[in-house]
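The values are calculated or read from the model by the stated rules, or taken from the named source; none is laboratory data. Since we're looking at a predicted model, the values are computed, not measured. Glycine also receives a Cβ, built like all others from the backbone with ideal geometry; neighbour counts cover every protein chain displayed. When the accessible area is computed, the model is the full protein with side chains, heavy atoms only, and any ligands, DNA or RNA have been set aside. Shrake-Rupley method; radii C 1.70, N 1.55, O 1.52, S 1.80 Å.
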Amino acid sequence: MIYYKKDTDHIVTLTLDMAGRDTNIINHEVSRAFLPVIEHLRAEKQKGTLRGVIITSAKKTFCTGGDLEYLSKTDDPEAIFQLAEQLKTTFRALENPGVPVVAAINGSALGAGFELALACHHRIAIDKNTTRFGFPEAQLGLIPGGGGIARLTWLLGVQKAYPILTGGHRYNPQEALQLGLIDELAVNDREMKEKAKAWIMNTREARRPWDQKGATIPGGTAKDPAVVIFLRNESARLFATGAHRLPAQRALLNILYEGSKVDFDTASRLESRHFTSLLRSKETKNMIKAFWSDQNFIKNGGNRPKGFGKFRPRKVGIIGAGRMGSGIAYVCLDYGMEVVLKDVSKPIAERGLDYVSKRLEQMKASGRKKPEECEAMLRRIQTTESSADFEDCDLVIEAVFENRMVKQKVMREAEEYIDDYSLFGTNTISIPITKLAQGSLRPANYIGLHFFPPAEEVPLVEIVRGAETSDESVARAFDFVRAIRKTPIVVKDDWGFFAARVQNTFILEGITMLSEGYPPALIENLGVQAGMPKGALALADHLGLNMVLRYENQAAEHYGAKYIQHPAVEVLRVMLEELQRPGQQKRAGFYNYQGEQPAGLWKGLEEAFSSSKKRAKHEELMERFLFAQVLEAVWCMQEKVIHSVPAANLGSIFGWGFPAFKGGVIQYVNDYGVEAFIKRCGVFKKKYGQRFSVPSKLRSIVSR
């Protein structure tokens, strides 16, 4: 597990190599294994036979975090607290053997693995494209538990440490160097170890700032006015955006406030208390369920048809150089693929190249990409007006205007040149895949690949299976989505697919509240406070009220005589037909607009839809927003539109921003309590109508 080797200069190299794992992690076993090694190092120091220590890894990565599988099963507060304290004791002992200690980081160091690096006096990393550093714990509702918060605060200051701890961003070596997370870069393993040894030989004694008399936290503590103002502003921002519902965000703000005013060891103990509380909270357990258990289910091929070899796409054709097509092109280039970007003319296709170039300039300016990486990506893209250039593409994706005839035309043009094995994907958001595939030369190879805007940022792709789409095409589409590091969910070719269908219920519920007389500002604020990224009326404008109504019309067509019109439909018709306010694209909807940016809610709403409700049960309105989505998702599961709980949970969080702290649409029921949820639905059904009816298979679905 930890290999010990000393050279002739009395420098010890400790090499981490956990048996039976592809990567090193920090767990209770590793933490305990370090202690006798450190005691041995101290004995060597006392004998005068220890000059310094280098910590490195035998794996391709340095150390990729803690043992979430172990942590997620632990609920005893005393055991959790002692686990955190034991880790802190280990790291504290590591930085105090009386000799310089260097982390020679040969690959990614994340979470507890990065805490190990921070416990070393000096950090040197190999400058590799695949290497990442940081604290992703906040994305799981957790915080660093080994003293990393206190160390980062003392190294960088409260204001610089806060976004690193809360954002969950994974920094590349250049970014990490600029931020001060690491101290030096090396081109390869040999240079890294040479630099580590040289630093040790030139450093007589290494002491941490928090162990030096008179040292202070850079930028001040929560006793200083500038820091107090910063923390107050961040607290206000959390509440304004609904992020105060995210457990780790609140805890980190409190730790930085409290911990910056006390000594290092006391701050570390405060961290352990918050860590214990978080790990036992329902919100954190929900987030671990979604972003660990459910994510691993998808990563390991859940819902991918079995029996087909792995598809490794090399060259991708993209039809349509608008924002969506250009975004898809960027993602494919970013993961090493060649791209042929086509539009009706070469100059229009060049606009897509310009978009990619501007994104790369931004990445280069921020240090997230090297100039040579950007140049290599641009060399892999070809713009064209001819479908003949798709001849050797493994996959072609169309992202053109949402019109059936246009989409079928570009499909047929491309199919004349691609081979019989190539996959053809459509990025449609509302047109049935089966209908689009009519007239295709190879309907078995035709599939929906629904990216979400902006394509380069949203980590989800809906794979929509048409009536004739083959199992092999689904498997290949799944592999493509995983190759560009996104989360694939496989859905049936049904009205609205999954994401749009369920998201629409949130929009419709907000519009219904408007018709009931609730003030529009209250509706929007409560949507955000419930955990959604934006209000229902803002989302309706962004999507377009015509599209919101189209999905509901598709539901009416699908269910026929069983369909019960949603109360929001009348409001939509008034907005579209009488008031001529169809949404953001026409700069007039529920909001006013300056250019593309919202400029406040339209003042005429209160007149058009009288705001008669002077009192409101806020919790009830927020529950309506979430219940409407959850019930529709369960209907989708019952109707086999989506095939697994993990896909539904992650699809809801990544696809339209269902609250992560609830764990996704299906986990929400378990979090609420199944029987309590069913009972509450009964209350809502009696009060608001049939849309709150409980699907017959709800109990069996949520227990999967």
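A few notes on this one:
- Probe 1.4 Å, protein heavy atoms only - accessible area per residue of segment 70-119 in square angstrom: 27
- Between the helical axis of 225-241 and the longest alpha-carbon principal axis of the chain there is an angle of about 30 degrees.
- Per-residue extension of 0.36 nm, minus the Cα-Cα distance of D263 and Q82, leaves a gain of 63.2 nm for this segment.
- Restricting segment 196-245 to trypsin sites (Lys or Arg not before Pro) that sit in a DSSP loop and have at most 16 other Cβ atoms within 10 Å of their own Cβ leaves R204, R207, K213, K223.
- Placing +1 on the Cβ of every Lys and Arg and -1 on the Cβ of every Asp and Glu, with nothing else charged, gives the chain a dipole about its Cα centre of roughly 1320 debye.
- Given +1 at the Cβ of Lys and Arg, -1 at the Cβ of Asp and Glu and no other charges, the dipole of segment 363-452 around its Cα centre is 540 debye to the nearest 20.
- Per-residue 3J(HN,Hα) values for segment 340-355, derived from phi via the Karplus relation 6.51 cos²θ - 1.76 cosθ + 1.60 with θ = phi - 60°, read 10, 9, 10, 9, 5, 8, 4, x, 5, 4, 5, 5, x, 5, 4, 4 Hz in sequence order (x marks Gly and Pro).
- Distance from segment 327-369 to segment 427-456 (C-alpha centre basis), Å: 22
- For segment 353-479, with +1 on Lys and Arg beta carbons and -1 on Asp and Glu, the positive-most of Y421, L378, S366 along the dipole: S366
- Rough spin-label spacing in nm, given labels placed 7 Å along Cα→Cβ, for R351 and K697: 4.5
- Once backbone amide H atoms are built at 1.01 Å from N, V461 has T487, I489 as its partners under 5 Å, excluding neighbours fewer than 5 places away on the same chain.
- Computed over protein heavy atoms with a 1.4 Å probe, the accessible surface of segment 578-695 works out to 46 Å² per residue.
- Residues whose amide H falls under 5 Å from that of L110, counting only those 5 or more places apart or on a different chain, are C63, T64, G65, with hydrogens built in the peptide plane.
- The value given for segment 361-416 is a Kirkwood hydrodynamic radius of 13.9 Å, derived from the mean inverse Cα-Cα separation.
- Highest mean packing comes first when the peptides 339-350, 132-143 are listed by Cβ atoms within 10 Å, giving 132-143, 339-350.
- Dipole of the chain computed with +1 at Lys/Arg Cβ and -1 at Asp/Glu Cβ about the Cα centre; of G531, G111, G214, farthest Cα towards the positive end is G214.
- Reduced Cα scattering model of segment 596-704, Debye log10 I(q)/I(0), q = 0.12, 0.21, 0.24 Å⁻¹: -0.51, -1.10, -1.31
- In Hz, Karplus ³J(HN,Hα) per residue of segment 140-152 (6.51, -1.76, 1.60; θ = phi - 60°; x = Gly, Pro): 9, x, 10, 10, x, x, x, x, x, 5, 5, 5, 5
- Additional length obtainable on full extension of the chain from V228 to S366, 0.36 nm per residue less Cα span: 46.9 nm
- Spatially proximal aspartates and glutamates relative to K195 (Cα-Cα < 12 Å; intrachain offsets below 8 disregarded): D183, E184
- Amide H contacts for V340 (H built 1.01 Å from N in the peptide plane; partners 5 or more residues away or on another chain; cut-off under 5 Å): V316, G317, I318, Q382.
- With N as its number of residues, segment 248-339 has a Cα radius of gyration that, divided by 2.2 N^0.38 Å, comes to 1.81.
- Over all pairs of different C-alpha atoms, segment 1-107 has a mean inverse distance whose reciprocal, the Kirkwood radius, equals 14.8 Å.
- Across the chain, the mean sequence separation of Cα contacts (distance under 8 Å, 6 or more residues apart), normalised by length, yields a relative contact order of 10 percent.
- Centre-to-centre separation between the Cα atoms of segment 474-552 and those of segment 1-75: 47 Å.
- These residues, V406, V331, go from largest to smallest accessible area, 1.4 Å probe, as V406, V331.
- Cβ-placed point charges (K, R +1; D, E -1), dipole of segment 401-512 about Cα centre in debye, nearest 20: 180
- A 1.4 Å probe run over the protein chains yields, for segment 305-398, 46 Å² of accessible area per residue, whole-number rounding.
- M201, M575, M363, reordered so the largest accessible area comes first (probe 1.4 Å): M201, M363, M575
- Helical runs assigned H by DSSP (4 residues or longer) give the chain a calculated mean residue ellipticity at 222 nm of -14500 deg cm²/dmol, each run adding -39500 (n - 2.57) before division by the residue total.
- Each residue of segment 122-130 was assigned a 3J(HN,Hα) from its phi angle through the Karplus expression (A = 6.51, B = -1.76, C = 1.60, θ = phi - 60°), giving 8, 10, 10, 10, 6, 7, 10, 4, 8 Hz with x at Gly and Pro.
- At 1.306 mPa s and 10 °C, Stokes D of the chain from Kirkwood alpha-carbon radius, µm² per second: 57
- Of K213/K261; K299/K640; K342/K407; K342/K369; K6/K59; K73/K662, pairs whose Cα-Cα distance is over 23 Å: K342/K369
- Surface composition of the chain: carbon plus sulfur atoms hold 50% of the accessible area, using a 1.4 angstrom probe and ignoring ligands, DNA and RNA.
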